[in-house]
Amino acid sequence: MTAVLAGLRVLDFCWVGAGALVTQALAMHGAEVIKVESRTRPDNLRVAPPMRPGTSGLDASGYFASRNAGKKSFALNMSHPAAAPLARRLAQACSVVTSNFRPGVMERWGLGYADLCRDQPGLIYLTMPMQGATGPHRHYAGFGSTIAALAGLTEPSGQPGRAPVGTGTHYPDHVPNPGHALVALLAALVHRARTGQGGRIELSQLESTASLLGPAVIRYSVTGELPSRQGNRVPWAAPHGVYPCRGDDTWIAICVRTEAEWAGLAAVLEMEADPRDRKQHEDELDERIAARTARWDRWELMRRLQAAGVPAAVAETPGDVFDDPVLAGRGYWRTLHHPVMGPVRSASAPHLWNGQPVSPRSPAPLLGQHTEQIARDLLGLDHAEYARLVADQVLW
Amino acid sequence: MPAAEPSAPLGSVKVVDWTDPAGAYAGRLLADLGADVVRIEPAGAAEPWPQERIPGTVVSALERFVNLNKRSVRVHLDTAAGRDLLAALIERADIVITSGDGPRRWRQAGRPLRRSRDGTHVHVSAFGEHGAGAALLADDLIALAAGGLLSLGGYPDGPPVAVYGTQAYLAGGINAAVAALLGLLAARGGQAGGADLDVSIQAILAGALEDATAEYDLTGVVRRRAGDTPREAGTGVFACADGWIAMVAGKLGTAAAWDALVAWLCERGVPGAEALKAPKWATLEHRRRPESIATFQRLMEAAAAGYTRQQLYHELQRRRIAAAPVNSVADLLADRQLAVRGYFRQVHDTALDRDVTYSGPPYRLPDHSLPGWSSAPPPGGLAGEEARGWLGAAPGAAGETGERAR
């Protein structure tokens, strides 16, 4: 397996959402990621469902496991006065430090960039504050779904005349914010390899998400027009929608951009290829299409439409994606054996590297699983010192 | 033409961008960080940018957005000279990013898409290029469906509804940039032979379904779209005087946020709010019951009705409750935090011949020097000069676009 980031050691204070996915991707590509966490204030995800029936506790959350695979866990109780000096020593053994606390938290521990870069000019220091480290709202709290709302992504998502619905997830945590953070972090690694220089990366989760509204911002600035909720319709294709199939709550997405695609759809559904302007008659066409798709098995219809040259896909559920033949063919899901949760199917990187999947190397760590090893190897503590710090609830 | 910024993070990196909308954002991200990105515009190709066309103009807002800070070159692929030019550009590139059919046909004709010694080639597509997905047709909606994200959006009483704004394409672009930089790091780290990276948008999204995949894997429960019905008391979208606010004071929130929210409802004198102080309301199990969700929504909206989105936003944030207005794009442009941080930028667009507002960059790198922003090149690409400059060749040397041969 490719280990492009082998030799990179990351001290990771990220918790909960977007940050954890950034460092999970680093770990997948071979970085040694040391997650600093504590029993006194565990990562919210460690206590969040889902959990396998019959399991419980801080090591049983599937939510946590899905974004912390391949990391090491170092239990350090940052509320104990002896903890921050240990964390600073640990930082000296790492060349990347990541966090997503509110502004000021790392600085209070003496772990701000200014504190750490004195000894390490090559340090790359990623922070992911909700709205940035400066400005009147820098201390405002947020989660993916509230950031999506603030950034203008939720409002145009939904059916006309109904309440906005967004993605139904904390989308900014899963796509734009970890993705953008990785782009900046990897670019900083490229720069450091060339110059030896590190530096700060500040990813405001609001700004990162709002950047994806860029096309709408451009259009608004030129025309004064705002996007509105249009369901699944778009100005550049018709029909363009999601239609029912046989069975309970099963759906297929279909996109028709050209006359050839329209003819293909009509042929498969055995309906007339209405020559009128499709955009003008979209309501009527959608009804006719839905009446026909409802008789079809969704997978069979997808196969037939694709064979007829029509872009179409089953609206896969979070269960379907595990059985999807294309994802399976890419080796996308990898089963990891977790000591508490048992077998856990974990996502690989979304790319194949020279045809091979890049997957997590180990399941999410138990809380503190690697504390003793890291204390010994990186902090130089002997077993007696380690045991004393555990007993004092510093390494805790 | 974008200003060269050799001291920028990617100041030494040359990128060929031969993408359609599914991958074009990748090159934009690399260009913002200082890479010299040249966009291939095949002459005579079908209009690839129907998305977000700006009324009254010939340009697409998505195209202007993703092509900022790039150069472009029009290449006549039906001529030997044009093909030679493209081959020369690819040979000089550290990174080649592709999406769409043109690059696929190029490769099928046996032509390389990267420098053999150490080049990185990233291809973005809805289903990936390896195996059964390579032949499948898609647009943004189809990719959202295949990746599972579509199924979680929309209302329980209707079909799944896609998120606004070609998010699948933008996700493809972001992850293509990530893949490109990983390939570059491998090459610069001495891994010989180069890298072919095959990015699947379906895979990106299947890994972005929150806890829903883990829920199915561990419990067998298939999460369904909840739409405008909250999944839990304390979290969701709530109507107020002039629209909606989004709030998270439930599962992922803190106990303190829930207590603060209940205290606020009680202070507002909302009839029935005192009942939320009962210990059972502090449990996820109780807050997830449909009757709990309905009760909370009634109480919350009774209190919220007296507030605008902005009032409610600041009132709840003062109490450390994660709430936010459901903003339109106009509201976003008026956001005070973004204004104070100087987020939005004006760029003079050469195709529109006017200043245009751009969203700011997704991150700030205060210790690095970054290039200033310059207009996207004209749609359709420029003739030879840009390519000659990019190749570092003298005019007329390697840089024929094939136009003379036509």
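For the criterion of being closer than 24 Å to A:Ser204 by Cβ and of a type in the set (A, V, I, L, M, F, W, C), B:Leu370 passes.
In region B:21-34, which residue that is assigned to a loop (DSSP other than H, G, I, E, B) and more than 9 Å from every other protein chain (Cβ to nearest Cβ) is nearest to A:His191 (Cα to Cα)?
Initially, region B:21-34 is screened for residues assigned to a loop (DSSP other than H, G, I, E, B), giving B:21-23, B:33-34.
Restricting the remaining residues to those that are more than 9 Å from every other protein chain (Cβ to nearest Cβ) gives B:21-23.
Details: B:Pro21: 28, B:Ala22: 27, B:Gly23: 24 Å.
Going through the qualifying residues, I end up with B:Gly23.
Within region A:22-59, the residues that satisfy the criterion of being small (Gly, Ala, Ser) and either under 20 Å from the mean Cα position of the chain (by Cα) or outside the structural domain of A:His180 (by TED's automatic domain parsing) (or both) are A:Ala25, A:Ala27, A:Gly30, A:Ala31, A:Ala48.
Taken over region A:118-138, the criterion of being modelled with pLDDT under 95, over 16 Å from B:Pro366 (Cβ atoms) and not acidic (Asp, Glu) is satisfied by A:Arg118, A:Gln120.
When you scan region A:190-202, how many residues do you find that are at the interface with chain B (Cβ under 7 Å from one of its Cβ atoms) and in contact with a helix residue (DSSP H, G or I) (Cβ under 7 Å, 6 or more places away or on another chain)? Spell out the reasoning first.
Within region A:190-202, the subset at the interface with chain B (Cβ under 7 Å from one of its Cβ atoms) is A:190-191, A:193-194, A:199-202.
After this cut, where a residue has to be in contact with a helix residue (DSSP H, G or I) (Cβ under 7 Å, 6 or more places away or on another chain) as well, the list is A:190, A:193, A:199-201.
Residues in region A:190-202 being at the interface with chain B (Cβ under 7 Å from one of its Cβ atoms) and in contact with a helix residue (DSSP H, G or I) (Cβ under 7 Å, 6 or more places away or on another chain): 5 in total.
Report whether or not A:Ala315 is under 20 Å from B:Pro159 (Cα atoms) and in contact with a Leu (Cβ under 9 Å, 6 or more places away or on another chain). So A:Ala315 fits the description; yes.
Do any helices (runs of 4 or more DSSP H) entirely within region B:319-396 hold 1 or more residues that are closer than 16 Å to A:Val222 by Cβ and outside the structural domain of B:Asn69 (by TED's automatic domain parsing), and if so, which? First the steps, then the outcome.
Numbers: elements: B:329-333, B:336-340, B:385-391.
The qualifying helices (runs of 4 or more DSSP H) are B:329-333.
Among the residues of region A:341-365, just one is farther than 16 Å from B:Glu215 by Cα, more than 20 Å from the chain's Cα centre (by Cα) and either crowded, with 22+ Cβ neighbours inside 10 Å or more than 7 Å from chain B (Cβ to nearest Cβ) (or both), namely A:Gln356. Scan region A:191-224 for residues that are buried (at least 24 other Cβ atoms within 10 Å of the Cβ), among the hydrophobic types (A, V, I, L, M, F, W, C) and over 29 Å from B:Arg53 (Cβ atoms) and the total you get is 2. Remark: pairs (first residue in region B:177-193, not assigned by TED's automatic domain parsing to the domain that holds B:Ala22; second residue buried (at least 23 other Cβ atoms within 10 Å of the Cβ) and in a helix (DSSP H, G or I); Cβ separation under 8 Å; 6+ apart in sequence or on different chains) are absent. Here the condition is being surrounded by 16 or more Cβ atoms within 10 Å (Cβ to Cβ), touching a helix residue (DSSP H, G or I) at 6+ places or on another chain (Cβ under 7 Å) and away from chain A (no Cβ under 11 Å); of B:Leu352, B:Leu312, it holds for B:Leu312 alone.
Counting only helices (runs of 4 or more DSSP H) wholly contained in region A:203-318, the ones carrying 3 or more residues that are over 28 Å from the mean Cα position of the chain (by Cα), more than 7 Å from chain B (Cβ to nearest Cβ) and not charged (D, E, K, R) occupy A:259-269, A:282-293, A:298-307.
Among residues of region A:1-20 that are more than 14 Å from every other protein chain (Cβ to nearest Cβ) and buried (at least 20 other Cβ atoms within 10 Å of the Cβ), those with a beta-carbon under 7 Å from a residue that is at pLDDT 95 or above and in a loop (DSSP other than H, G, I, E, B) at least six positions away or on a different chain give the pairs A:Val10/A:Ala31; A:Val10/A:Cys94; A:Leu11/A:Cys94; A:Asp12/A:Lys71. Checking each residue of region A:8-25 against the condition of being among the acidic types (Asp, Glu) and more than 16 Å from A:Leu203 (Cα to Cα) gives no match.
The listed residues are B:Gly193, B:Gly183, and the only one of them that is within 22 Å of B:Pro9 (Cα to Cα), more than 7 Å from chain A (Cβ to nearest Cβ) and not aliphatic (A, V, I, L, M) turns out to be B:Gly183.
Out of (1) more than 30 Å from B:Thr219 (Cα to Cα); (2) surrounded by fewer than 15 Cβ atoms within 10 Å (Cβ to Cβ), the odd one out for A:Asp286 is which? Just one mismatch for A:Asp286, condition (2). Restricting attention to region B:36-64, the residues that are closer than 27 Å to B:Ala81 by Cβ and within 19 Å of the chain's Cα centre (by Cα) total 5. Filtering region A:122-148 to residues that are touching a residue at least 40 places away in the same chain (Cβ under 8 Å) and touching a His at 6+ places or on another chain (Cβ under 7 Å) leaves A:Gln131, A:Phe143, A:Gly144. Within the bounds of region B:36-57, is there any residue that is small (Gly, Ala, Ser), crowded, with 24+ Cβ neighbours inside 10 Å and facing chain A (nearest Cβ under 9 Å)? No, that holds for no residue. Set side by side, the residues A:Ala151, A:Ala163 differ, and just one is surrounded by fewer than 24 Cβ atoms within 10 Å (Cβ to Cβ), hydrophobic (A, V, I, L, M, F, W, C), at the interface with chain B (Cβ under 7 Å from one of its Cβ atoms) and more than 14 Å from the chain's Cα centre (by Cα), which is A:Ala163. Pairs are defined by a Cβ separation below 9 Å, a sequence spacing of at least 6 or placement on different chains, a first member in region B:255-276 that is over 29 Å from A:Arg41 (Cα atoms), and a second member that is of a type outside the set (A, V, I, L, M, F, W, C) and assigned to a loop (DSSP other than H, G, I, E, B); the pairs so defined are B:Arg268/B:Gly306.
The values are calculated or read from the model by the stated rules, or taken from the named source; none is laboratory data. Since the structure is predicted, the reported quantities are computational estimates derived from the model, not experimental observations. Heads up, the Cβs are rebuilt from the backbone with ideal geometry, glycines too, and the neighbour counts pull from every protein chain shown.
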